[in-house]
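Heads up: the structure comes next, in structure tokens.
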Amino acid sequence: MDRAAFACSTAFFRDYSSASHGAVSLPQGHVDYIEKVESFSYSDFFRDYLIPNHPCVFSAKFTEGWGSRRNWVTRDGKPNFDYLLQHFGKAVVPVANCDVKEYNSNPKEQIPLKEYISYWKEYIKKNYHSPRGCLYLKDWHLYRAFPEQDVYTTPIYFTSDWLNEYWDAKGLDDYRFVYMGPKGSWTPFHADVFRSYSWSANICGKKKWLLYPPRQEEYLRDRHGNLPFDVTAPGLQDSSVYPRYAQSCPPVEIIQEAGEIVFIPSGWHHQVYNLEDTISINHNWVNGCNVAIMWSFLQDELAAVQREISEWRDTMEDWHLQCQVIMKSCTGINYKEFYNFLKVIAENRISVLNHVLDEEASAKNTHRAATSALGMLHAVFDLKRAVQVLTSLNANEDFKKLNPKSLSPPPEALLHHLKAAIDTALL
Ligand SMILES: O=C(O)CCC(=O)C(=O)O
Ligand SMILES: [Fe+2]
């Protein structure tokens with residue numbers, strides 16, 4: 001991370017001890033547009049969007065230097081199929097069929113990119129029709145498959161990213177994706193994995209986003225408590241099926257043009273349309289600002305599993321463990337892994353602090369000492385937020401049932417270690 005970008009305010013990371021949890025009062029339909037790169041610092045983003053959990057749109061100036069914007073797009077702003085074929089043709093990519101509903105999603109298959117691009121060309125030629133339906137390439141881990149390609153660099157605003165830091169270290173997964181789809185392809189109503197933030201940049205094309213602030217989705221549930229697949233479906237007007245729909249506010253609407261980046265806050269449900277042939281790059285990420293939202297989501301997920309198998313609670317000896325197994329397979333993470341996630345991030349931050357303190361001790365000039373201090377503030381902020389969530393996790397009755405003392409290190413010892421590191425850093 002470019003430490004100079006934290007230069008705005010040294011008090012910055014200390015002043016947000018209570019997470020906002022997404023209580024939002026946006027002026028109806030208004031989303032800020034960030035025009036200029038030079039006058040928008042990391043601190044501005046942190047204060048005005050990350051902490052309050054508000055969406056915003058970055059102008060195309062923020063993606064101007066990206067290789068994908070130069071190479072993946074033709075002069076007339078369309079996807080450059082030849083370039084994509086040449087560089088990635090052999091890749092096998094996940095493709096969803098937008099015309100078919102399977103539970104609350106679209107069925108997916110894996111096909112070679114080469115095949116997807118021939119389909120896409122043919123689809124355009126046949127005036128956006130195909131017997132195969134409207135296919136949308138989504139959630140392709142392009143960066144993981146082609147890390148050496150000059151595609152994009154993550155803007156500094158999105159680089160405090162615990163999710164990818166943790167899963168990169170495990171070497172198994174990441175949350176960095178490419179989407180490509182013809183005009184008319186779309187993503188059904190959802191909130192992102194673990195209630196993470198998302199940023200999404202259009203390499204070419206145009207998207208329409210419909211966003212609902214946290215808790216608005218409660219008005220969109222049907223009488224069984226299920227969320228809609230398509231929030232624009234006329235069926236939502238039927239109050240015998242969607243009893244609270246009349247009380248819901250209209251969504252915040254964003255039209256995102258080529259080159260622009262949309263910031264989707266934590267826990268905001270959304271539905272997305274490609275208004276033209278569109279390619280986008282997106283990351284999901286969690287950091288000290290929304291990790292409490294992730295933790296509260298995980299508690300809701302466990303409660304849902306517990307309700308689901310409540311009838312076996314008294315007869316199954318390892319019922320609590322079974323709930324964790326099911327949670328892991330449905331949600332992608334369980335309580336022990338969440339503990340490990342917080343531990344890995346917190347230990348990484350302690351290494352930063354130790355490194356900074358060593359550097360400071362040997363710093364020969366004030367400039368070096370000052371930049372060290374800025375990196376340190378962010379590390380201390382992260383540590384404080386990790387301590388808050390770990391404290392809540394450690395006090396949680398379901399977590400206590402999982403024999404936490406057997407964890408390495410046990411939570412009490414880890415918390416003690418982290419608090420001592422914070423105190424030393426602030427001395
Ligand atoms: O672009 C899309 O179709 C969906 C993207 C999305 O849901 C996200 O970035 O969170
Ligand atoms: Fe999303």
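Data overview
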{"item": "Inter-probe distance in nm under a simple model that places probes 7 Å from Cα toward Cβ, at Asp423 and Val92", "result": "5.5 nm"}
{"item": "Burial ordering of Trp319, Trp66, fewest other beta-carbon atoms within 10 Å first", "result": "Trp319, Trp66"}
{"item": "Rg(Cα)/(2.2 N^0.38 Å) for the chain, N = residue count", "result": "1.04"}
{"item": "Gain upon complete extension [Glu35, Lys328; 0.36 nm per residue less C-alpha separation]", "result": "101.4 nm"}
{"item": "Net dipole in debye of the stretch 291-425 [+1 Lys, Arg Cβ; -1 Asp, Glu Cβ; about Cα centre; nearest 20]", "result": "420 debye"}
{"item": "Selected from Phe263, Asn290, Gln306, residue furthest toward positive end of dipole (the stretch 244-314; charges at beta carbon)", "result": "Gln306"}
{"item": "Computed over the stretch 291-425, Kirkwood Rh from alpha-carbon pairs, angstrom", "result": "16.6 Å"}
{"item": "Theoretical FRET efficiency, 1/(1+(r/R0)^6), r = Cβ-Cβ of Thr232 and Glu102, R0 22 Å, to 0.05", "result": "0.70"}
{"item": "Extended-chain gain in nm, criterion 0.36 nm per residue less alpha-carbon gap, Arg47 and Glu317", "result": "92.4 nm"}
{"item": "Size of electric dipole in the chain: Cβ of Lys, Arg +1 and of Asp, Glu -1, about Cα centre, debye, nearest 20", "result": "460 debye"}
{"item": "Spatially near lysine pairs across the stretch 291-425, Cα under 19 Å, sequence gap of 8 or more or different chains", "result": "13"}
{"item": "Calculated P(r) tail over 14 Å for the stretch 97-166, as whole % of Cα pairs", "result": "72 percent"}
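No lab work stands behind these numbers, since they all come straight from the coordinates. Computed from a predicted structure; not experimentally measured. Quick reminder, even Gly has a Cβ in these numbers, built from the backbone with ideal geometry, and neighbours come from all protein chains shown.
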